[in-house]
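Accompanying notes for the structure given below.
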Amino acid sequence: MKYWFAYRVFDASVDQKPQSSVVRGPFDTYQKAKSEKMMLRGADIQKTAIFQAVSREDAEAIAENETYMIGG
C-alpha cells in the first residue's frame, strides 16, 4: 500500500461547484505524503486526509468519497 491525498480548487464566493479532484501520490511513507500536502497552500484549496491505496485507480475512487477540508 502507498499513501495518497487529493485536493481541489474551490472558492464558494466565486464558484458554483468545486473543480475536479487532483490525486497526489504514491508516497512511500505517511510523512512524505504529509510534507507534500503541507506545501499546497491557498485560500481556495481544499484537501482530503491522507489515505492508503494500492493503485492510482483505487486512489481516485477513494478520493471521490473523501471529505475535503480547507487547510490541513
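Read the figures in this text as sums done on the coordinates, not as results from a lab. Fair warning: this is a prediction, and the values are worked out from it, not measured in the lab.
Observations on the model:
- For residue 24, nonlocal amide neighbours, meaning residues 5 or more places apart or on other chains whose placed amide H falls under 5 Å from its own, are 5, 6, 7.
- For segment 1-50, the tally of Lys pairs with Cα-Cα distances below 22 Å comes to 8, considering only residues 8 or more apart or on different chains.
- Percent of C-alpha pairs per 10 Å bin, the chain, short to long: 22, 54, 21, 3
- Were the residues from residue 34 through residue 60 laid out at 0.36 nm apart, the gain over their Cα-Cα distance would be 7.6 nm.
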